[in-house]
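Engineer: Handing you this structure, nothing more for now.
The values are calculated or read from the model by the stated rules, or taken from the named source; none is laboratory data. Nothing here was measured: the structure is a model prediction, and the numbers come from that model. Because the Cβ atoms are built from the backbone with ideal geometry, glycine has one as well, and the counts that use them run over all protein chains shown. Note: areas computed on protein heavy atoms with side chains; ligands, DNA, RNA excluded. Shrake-Rupley method; radii C 1.70, N 1.55, O 1.52, S 1.80 Å.
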Amino acid sequence: MAVYVVDGGKRLSGEVKIQGSKNSALPILAATLLCKGECVLFNCPRLSDVDASLSILRYIGCKARREDSTLIVDTGSVERFEIPPELMHRMRSSIIFLGAMIARFGRARMSFPGGCELGPRPIDLHLSALREMGAEINEEHGELDCVVNDTLRGASLSLPIPSVGATENIMIAAATARGTTVISNAAREPEIVDLADFLNACGAKIHGAGESTVVIDGVRDLKPASHAIIPDRIVAATLMAAAAATGSNIHFTGIIPAHLESVIPVFRDAGCEIALSGEGMRLSAPYRLRSPKLIRTMPYPGFPTDAQAPVMSMAAVADGMTVFVENMFLSRYSHVSELCRLGADIRVEGKVAVVDGVKRLLSAKVRAHDLRGAAALVVAALCARGQSEISGIEYLERGYEDFELVLSSLGADVKKI
Ligand code: EPZ
């Protein structure tokens with residue numbers, strides 16, 4: 001397995017263009033199943049999770065090819081309505097294919113997506129909504145077997161939790177259902193808006209995406225479209241944390257500042273200078289950061305849970321104490337023990353982590369256990385004096401495109417071996 005060898009303690013500088021969003025590309029790739037023909041997706045990042053989605057589409061019978069950062073997906077000829085366990089387990093968010101397969105085939109069979117490093121990943125909200133819309137779903141022996149006897153029909157649905165995945169599955173299933181679907185307490189993430197933009201470009205009638213109530217008027221069928229994926233706000237937040245933790249001055253391009261509205265204040269509170277202009281942002285950090293004090297993860301537009309780990313690495317070297325409250329997932333602190341091996345002073349009590357900033361992190365050999373935890377270890381190793389080794393880099397490659405090249409282009413000494 002690949003490891004990163006990081007020679008830390010250096011300031012970074014230069015310019016970085018932010019990759020396309022993983023969490024936007026995945027549901028949109030699933031949604032291409034609703035169109036019979038060739039969809040063109042621009043700004044698609046090269047990630048193992050995107051590759052896993054392409055493997056699923058090819059298994060179903062679609063053709064998919066990559067030209068640089070553009071994906072061309074032809075869903076004209078498909079012959080299977082199931083996803084085998086080995087493909088389901090490669091990526092937990094494959095559940096996002098459920099709504100698309102039911103809508104396209106009236107059938108779907110897939111294994112229950114396993115839990116993951118963040119703890120149990122229930123899909124009860126996905127299943128109850130699709131059942132409301134007329135899908136019969138049997139759950140036996142870890143398998144989901146779904147049939148729509150007549151056709152999916154619109155429904156009024158209220159989500160107890162503004163679940164991103166459930167909102168996406170419902171929007172996709174409702175786009176060609178008979179009648180109107182209303183989602184109350186829908187997730188408001190930018191990736192939801194991007195999915196709605198893609199579906200509307202295909203001829204869907206979706207209003208209110210990005211708000212708490214989304215209305216989808218079902219249409220008979222959708223036509224293939226081309227679409228540019230939005231930039232990845234979590235990759236942007238991660239690189240901001242790397243720049244801040246190393247006292248650097250970095251110019252970010254290809255971002256949407258509005259998507260970082262709950263993230264930017266945290267960096268300004270920590271003493272960073274942030275200048276925004278159009279799709280650009282310049283972040284310059286003082287030698288010693290102030291602690292951001294309190295960070296609570298919340299559904300969008302609150303502080304994103306996916307940025308908690310990388311920002312914790314920044315807090316680990318800030319002056320003062322930072323309290324993190326992880327409200328979204330049961331166990332999203334697997335990076336804490338590894339950060340402590342790098343010299344961080346962090347105590348975890350349930351969903352609260354208390355970080356006492358230290359002057360310096362010290363190099364060490366550490367292991368990543370999940371995607372954003374891996375990113376946190378890279379940020380920490382960049383500001384730890386000496387040579388650190390990070391294993392479990394396959395987690396990082398799920399969501400960060402060519403990360404060692406991106407960091408090296410900013411002057412970091414990072415080698416992947
Ligand atoms: C999406 O996961 C993202 N993944 C996650 O990013 C992100 O952390 C999460 O949204 C929250 O923003 C993708 O978009 C592919 P949820 P998702 O459904 O859809 C509970 C990353 O690092 N829940 O909004 O699975 C659930 O357990 C990944 O890129 C139910 O109880 O998240 C969690 O506590 C990690 N029942 C909460 O809701 C359900 O049926 C929010 O989950 C569904 C969810």
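Engineer: Of the residues G119, G165, which single one is out of contact with any Asp or Glu (no Cβ under 8 Å at 6 or more places or on another chain), surrounded by fewer than 16 Cβ atoms within 10 Å (Cβ to Cβ) and in contact (Cβ under 8 Å) with a residue 40 or more places away in the chain?
Structural biologist: G119
Engineer: If L33 meets every condition in (1) assigned to a helix (DSSP H, G or I); (2) within 16 Å of the ligand (Cβ to nearest atom); (3) aliphatic (A, V, I, L, M) apart from one, which number is that one?
Structural biologist: For L33, the exception is condition (2).
Engineer: Turning to a different aspect of this structure: Could you check the range 309-398 for helices (runs of 4 or more DSSP H) lying wholly inside it with 3 or more residues that are open to solvent by less than 10 Å² (accessible area, probe 1.4 Å), under 21 Å from V235 (Cβ atoms) and in contact with a Leu (Cβ under 8 Å, 6 or more places away or on another chain)?
Structural biologist: Those helices (runs of 4 or more DSSP H) span 371-382.
Engineer: So is E67 open to solvent by 20 Å² or more (accessible area, probe 1.4 Å), away from the ligand (no atom under 14 Å from the Cβ) and of a type outside the set (S, T, N, Q) or not?
Structural biologist: yes
Engineer: Name the pairs: first residue in the range 260-288 and over 17 Å from F324 (Cα atoms), second residue open to solvent by less than 20 Å² (accessible area, probe 1.4 Å) and of a type in the set (S, T, Y), Cβ to Cβ under 7 Å, at least 6 apart or on different chains?
Structural biologist: Pairs found: A285/S248.
Engineer: When the residues of the range 360-417 are narrowed to those that are of a type in the set (K, R) and touching a residue at least 60 places away in the same chain (Cβ under 8 Å), which ends up nearest to P310 (Cα to Cα)?
Structural biologist: My answer is R372.
Engineer: What number of residues within the range 38-54 satisfy the criterion of being open to solvent by less than 40 Å² (accessible area, probe 1.4 Å) and within 16 Å of the ligand (Cβ to nearest atom)?
Structural biologist: 9
Engineer: Quick check on my filter: what residues within the range 288-307 are in contact with an Asp or Glu (Cβ under 6 Å, 6 or more places away or on another chain) and surrounded by 15 or more Cβ atoms within 10 Å (Cβ to Cβ)?
Structural biologist: Within the range 288-307, R290, P292, T297, Y300 meet the criteria.
Engineer: Further, regarding this structure: Before we move on, is R107 at pLDDT 95 or above, within 14 Å of the ligand (Cβ to nearest atom) and open to solvent by 20 Å² or more (accessible area, probe 1.4 Å)?
Structural biologist: So R107 fails the test.
Engineer: Moving on. Which ones in the range 73-94 are free of Cβ contacts under 8 Å to residues at least 60 places away in the same chain, within 16 Å of the ligand (Cβ to nearest atom) and assigned to a helix (DSSP H, G or I)?
Structural biologist: L87, M88, H89, R90, R92, S94
Engineer: Does the range 222-241 contain any residue that is within 30 Å of G9 (Cβ to Cβ), basic (K, R) and at pLDDT 95 or above?
Structural biologist: Yes.
Engineer: Is it true that some residue in the range 311-334 is within 12 Å of the ligand (Cβ to nearest atom), under 19 Å from L377 (Cβ atoms) and out of contact with any strand residue (DSSP E or B) (no Cβ under 9 Å at 6 or more places or on another chain)?
Structural biologist: no
Engineer: So, in the range 293-308, exactly how many residues are in a loop (DSSP other than H, G, I, E, B) and away from the ligand (no atom under 13 Å from the Cβ)?
Structural biologist: Residues flagged as in a loop (DSSP other than H, G, I, E, B) and away from the ligand (no atom under 13 Å from the Cβ) within the range 293-308 amount to 1.
Engineer: Also, quick follow-up: I need the full set of residues from the range 46-65 which are in contact with a helix residue (DSSP H, G or I) (Cβ under 8 Å, 6 or more places away or on another chain) and more than 29 Å from K205 (Cβ to Cβ), in order please.
Structural biologist: L47, S48, D49, A52, S55, Y59
Engineer: Among the candidates P190, P160, which residue alone is more than 20 Å from the chain's Cα centre (by Cα) and within 14 Å of the ligand (Cβ to nearest atom)?
Structural biologist: P160
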